[in-house]
Amino acid sequence: MIPREILKKIRQIELRTNRIVTETLAGQYHSVFKGQGMNFDEVREYQPGDDVRAIDWNVTARMNHPFIKKFVEERELTLMLVVDVSGSGRFGSGDQAKRELAAEIASVLAFSAIRNNDKVGLILFSDEVEKFIPPRKGRSHVLRVIREVLFFEPKQRGTDLNAALEFLMHVTRHKSVAVVVSDFIGSPAEPKKGRSRKLRPQMMLLESLAQASFTMLKQANRRHDVVAVQITDRYELELPALGRLVLKDAETGEVVEIHTGDARKRSAFAERQTKAQTDTARLFRSAGIDAIQLRTDQAYGAALAKFFETREKRRLRG
């Protein structure tokens with residue numbers, strides 16, 4: 001039996017995200033994610049302006065005047081949520097941890113999907129695939145997905161996006177919408193010999209993780225429609241002025257000491273993180289992947305709406 005406090009948390013997320021789905025994203029999910037193809041619907045009489053390539057010559061010959069074939073989009077999709085549950089997701093400098101925000105984003109997308117009669121599946125990953133829930137429809141299924149994203153206890157603490165993407169391509173044979181929700185933080189590359197680790201930023205947005213996954217991201221995006229949702233916290237982007245801090249890496253267990261009272265070091269850290277964010281965004285673009293960057297201390301409704309709007313405009317232009 002699910003504890004009452006867990007049910008309450010899930011219900012709160014359902015209420016918040018349903019409001020966003022209804023008021024902010026109404027109809028946009030349907031517009032920006034295409035179905036798997038076109039299905040024959042019916043034939044009707046030719047009207048001036050119709051595409052002559054759609055004429056059904058067999059029916060036209062029998063009826064002695066032109067008829068055309070009418071097709072409709074095969075609307076049903078599969079939405080696969082690929083969610084990072086590594087140790088760094090537990091970090092949050094405010095009221096919400098990154099993993100809690102991940103659950104809300106997953107909820108928004110899942111409820112949008114089932115309103116369009118699409119299926120929703122879930123892959124939870126750390127440095128291995130921790131859990132797989134096959135795609136299904138329905139509210140009760142979505143509530144289970146939210147519960148797992150929020151409360152699943154992973155066996156590992158690290159991050160391996162490649163393993164998750166390989167698993168995705170193994171279990172989903174047909175084209176799907178695959179949304180990867182992660183902070184894209186991994187175990188930092190070892191420093192060169194002789195270089196001190198003491199002042200290395202502990203929560204570095206890691207280019208090496210994205211670089212290592214670049215090829216796999218491109219492969220996954222050829223088969224599926226991959227969208228990257230990067231979740232960060234403000235203190236991963238800029239250090240607070242709190243003097244000397246001892247920090248422990250949530251994924252590697254490494255402990256480091258940094259001096260946040262030095263304004264020059266804070267500035268250097270912020271510049272490095274800004275560059276890392278820019279490089280990561282550029283990497284996604286190079287792979288042909290749409291991406292959105294969200295923060296735990298900022299409302300996400302408007303950012304999601306802008307993302308959907310931009311994607312829809314580009315689709316219409318294309």
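The values are calculated or read from the model by the stated rules, or taken from the named source; none is laboratory data. Just so you know, these numbers come straight off a predicted model, no measurement behind them. No Cβ is skipped: glycine too gets one built from the backbone with ideal geometry, and neighbour counts run over all protein chains shown.
Only residues that are in a strand (DSSP E or B) and crowded, with 19+ Cβ neighbours inside 10 Å: list them for the range 130-174, please. First the steps, then the outcome.
Step one: of the range 130-174, the residues in a strand (DSSP E or B) are 130-136.
Result: GLU130, PRO135.
Out of everything in the range 258-274 that is within 23 Å of SER86 (Cβ to Cβ) and not polar (S, T, N, Q), what residue ends up being modelled with the lowest pLDDT?
Only one residue fits best here, namely ILE258.
If the requirement is being in contact with a strand residue (DSSP E or B) (Cβ under 8 Å, 6 or more places away or on another chain), under 18 Å from ALA164 (Cα atoms) and either of a type in the set (Gly, Ala, Ser) or modelled with pLDDT under 95 (or both), which of these qualifies: THR60, THR78? Let's see the steps before the verdict.
Numbers: THR60 fails: under 18 Å from ALA164 (Cα atoms).
Just one listed residue meets the conditions, THR78.
Return the pair list, or none, for Cβ contacts closer than 6 Å from residues in the range 283-303 that are assigned by TED's automatic domain parsing to the domain that holds ALA103 and more than 20 Å from VAL177 (Cβ to Cβ) to residues that are at pLDDT 90 or above and of a type in the set (Lys, Arg), at least 6 apart or on different chains.
Note: pairs meeting the criteria are THR296/LYS98; ASP297/ARG234.
Consider THR278 against the criteria (1) assigned by TED's automatic domain parsing to the domain that holds LYS98; (2) in contact with a Lys or Arg (Cβ under 6 Å, 6 or more places away or on another chain): it satisfies all of them except one. Which criterion is unmet?
Condition (2) is where THR278 drops out.
Can you find even one residue in the range 61-82 that is without any contact (Cβ under 8 Å) to a residue 24 or more places away in the chain, surrounded by fewer than 23 Cβ atoms within 10 Å (Cβ to Cβ) and of a type in the set (S, T, N, Q)? Can you show your working first?
In the first step, residues of the range 61-82 are kept if they are without any contact (Cβ under 8 Å) to a residue 24 or more places away in the chain; the result is 61-66.
Adding the requirement that they be surrounded by fewer than 23 Cβ atoms within 10 Å (Cβ to Cβ) leaves 61-66.
Then keep just the ones that are of a type in the set (S, T, N, Q); that gives 64.
Within the range 61-82 (the criterion being without any contact (Cβ under 8 Å) to a residue 24 or more places away in the chain, surrounded by fewer than 23 Cβ atoms within 10 Å (Cβ to Cβ) and of a type in the set (S, T, N, Q)), the answer is yes, since at least one residue qualifies.
Would you confirm, using the coordinates I've provided, whether LEU247 is more than 17 Å from the chain's Cα centre (by Cα), closer than 21 Å to ASP84 by Cβ and not in a loop (DSSP other than H, G, I, E, B)? Write out each step before concluding.
Numbers: more than 17 Å from the chain's Cα centre (by Cα): yes; closer than 21 Å to ASP84 by Cβ: yes; not in a loop (DSSP other than H, G, I, E, B): yes.
Against the criterion (more than 17 Å from the chain's Cα centre (by Cα), closer than 21 Å to ASP84 by Cβ and not in a loop (DSSP other than H, G, I, E, B)), LEU247 qualifies.
Kindly indicate whether ILE258 is in a strand (DSSP E or B), over 26 Å from the mean Cα position of the chain (by Cα), in contact (Cβ under 8 Å) with a residue 24 or more places away in the chain and surrounded by 16 or more Cβ atoms within 10 Å (Cβ to Cβ).
Values: in a strand (DSSP E or B): yes; over 26 Å from the mean Cα position of the chain (by Cα): yes; in contact (Cβ under 8 Å) with a residue 24 or more places away in the chain: yes; surrounded by 16 or more Cβ atoms within 10 Å (Cβ to Cβ): yes.
When the stated conditions are applied, ILE258 passes them.
Inside the range 86-112, can you point out the residues that are crowded, with 24+ Cβ neighbours inside 10 Å and not in a helix (DSSP H, G or I)?
Selection gives SER86 alone.
Return the residues of the range 126-175 that are basic (Lys, Arg), over 21 Å from GLU76 (Cβ atoms) and in contact (Cβ under 8 Å) with a residue 24 or more places away in the chain; say none if nothing qualifies. Before the answer, list the steps.
First pass over the range 126-175, keeping only residues basic (Lys, Arg): 131, 136-137, 139, 144, 147, 155, 157, 173, 175.
Within this subset, residues satisfying the condition of being over 21 Å from GLU76 (Cβ atoms) are 131, 147, 155, 157.
Matches in the range 126-175: ARG147, LYS155, ARG157.
Among the residues of the range 225-266 satisfying the criterion of being among the polar types (S, T, N, Q) and in the same structural domain as VAL82 (by TED's automatic domain parsing), which is farthest from SER176 (Cα to Cα)? Give the derivation first.
The initial filter retains those residues of the range 225-266 that are among the polar types (S, T, N, Q), namely 230, 232, 252, 260.
Still in the running and in the same structural domain as VAL82 (by TED's automatic domain parsing): 230, 232.
Values: GLN230: 20, THR232: 26 Å.
Only one residue tops the list, namely THR232.
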